[in-house]
Each structure stands twice: as C-alpha cells, then as structure tokens.
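Everything on this sheet refers to the single structure shown next.
The values are calculated or read from the model by the stated rules, or taken from the named source; none is laboratory data. Given the structure is predicted, the values throughout are model-derived calculations rather than measurements. Cβ: placed from backbone, ideal geometry, glycine included. Neighbour counts: every protein chain shown.
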Amino acid sequence: MERPRPGRPGTGKRIQRRSARETALHLLKRRPRTRAELCGELERLGHEDSEIEQTLAALDSSGYLNDTELARDYITKRAARLHHGRERLLADLERRGVTRAEAERAWNEAVESGDLDPAEPLRAAIRRRVRERGSLDSKAYARVYNALLRAGFEAEETHRELEPYRAGDPFDTFHDDETNDDFA
C-alpha cells in the first residue's frame, strides 16, 4: 500500500496557496517573461488584480521585470541562433506583450552596441538554405526568397544578398534587341 506524501491532497494537510509575488518569482525563475505575460499568468492562476499590480510594481522597481532588457536579449539570441529577421523578431515580441516602440528600441540598442550585426542573420539564413546547391535555379530561388521574407527579412535586402546565388536562367539573359529567326 502506497503511503500518502506530505503536502499532497488527501494527506490531511491543507496546501497553502502562494502569494502573487512568490508565484511571479517562481515563474521568472523558470524563464524570462514580459510584464504582459507575467500579468496574464498571474490572472490565470486566480490572483487578485490589486495583488498583481503591487507585485508587478515591486518587480519593476527591483529590476526583476524589464521588458526592454528582455527584448534586447531575445533579439540578439534569436537572430544569432534561429537567423530570424528584424520584422519577425519585432512581431514575436509584440505577441509577447512588448510594445513596438520598446522592441524597436531594443533592436537599435543591440545594433549600436555591436551585439547584433543586422546583416549577419540574413547571410547565415542564406548560407543554411543554399549550403550544398551552390546556385539556385529560378524555382529554388523563389522558394528560398519567400522563406527569407517569412523569416522577417526585408525584400530589397534579401534580393541583394541572394542574387549572387542565382543560377543563370535562359529567360534572364534574353534581350529585346536580339532577333530570333524563328519568330521573324
């Protein structure tokens, strides 16, 4: 027969609910969260609005909660590891509750400090997608180009960086001033 463990339901001991502060610190210990994420999680767990606001204010003032710092860290790590572009990273942060202005400020700070070379994630993403091919025919070029746009890179910059990998296509080299005897 299995004995009930102390502190578990059915043991006769009442489990005490954590305060919002304890819960918030526990959640932040597991992974960094934005203010909006933490607020939503505390609400979901049934904490009172006034207790949540007091907790968030205390965490803000003590430095445990800093959306701009989180955004900057998120941008530099995701750009380096996942090779996502600026727009994708900013949109991801907005979904996590960081304002667009804070996300853009974090991007600019990362670039200005040298923690992020804005062209490197695109180059790395291209290298990863073109690795063994060396050059891309028109279908492969379109596939890679569209994948890079979905990854959050700007169209003009993507085209410029991807152009050296484009394979010669007979339709790309046809000029209007050339004559073709078959159609004359």
(request) Test Arg72 against the stated conditions and say whether it is more than 30 Å from Asn146 (Cα to Cα) and either basic (Lys, Arg) or modelled with pLDDT under 90 (or both). (result) no
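In the stretch 93-142, what count of residues is obtained for those that are of a type outside the set (Phe, Trp, Tyr) and in a helix (DSSP H, G or I)? Show your work before the answer.
Going through the stretch 93-142, the residues of a type outside the set (Phe, Trp, Tyr) turn out to be 93-106, 108-140, 142.
From the residues that got through so far, the ones that are in a helix (DSSP H, G or I) too are 93-95, 100-106, 108-113, 120-130, 138-140, 142.
Residues meeting the conditions: 31.
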(request) Inspect all residues belonging to the stretch 95-118 and state whether any of them is crowded, with 17+ Cβ neighbours inside 10 Å and over 26 Å from Leu65 (Cα atoms). (result) no
(request) Being modelled with pLDDT of 50 or more, over 28 Å from the mean Cα position of the chain (by Cα) and of a type in the set (A, V, I, L, M) is the filter here, so list the residues in the stretch 151-184 that pass it. (result) Ala167
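Scan the helices (runs of 4 or more DSSP H) fully inside the stretch 20-92 and keep the ones with 2 or more residues being out of contact with any helix residue (DSSP H, G or I) (no Cβ under 6 Å at 6 or more places or on another chain), in the same structural domain as Ala103 (by TED's automatic domain parsing) and surrounded by 14 or more Cβ atoms within 10 Å (Cβ to Cβ). Reasoning before the result, please.
Details: elements: 20-30, 35-44, 49-62, 67-81.
Counting at least 2 such residues, we get 67-81.
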(message) For the structure I just gave you, tell me whether Thr23 is touching a residue at least 12 places away in the same chain (Cβ under 8 Å) and closer than 20 Å to Val98 by Cβ.
(response) no
(request) Six or more apart or on different chains, Cβ under 7 Å: which pairs go from a residue in the stretch 78-103 that's on the phi > 0 side of the Ramachandran plot to one that's surrounded by 19 or more Cβ atoms within 10 Å (Cβ to Cβ) and outside any helix (DSSP H, G or I)? Could you list them? (result) His83/Ala151; Gly97/Thr34
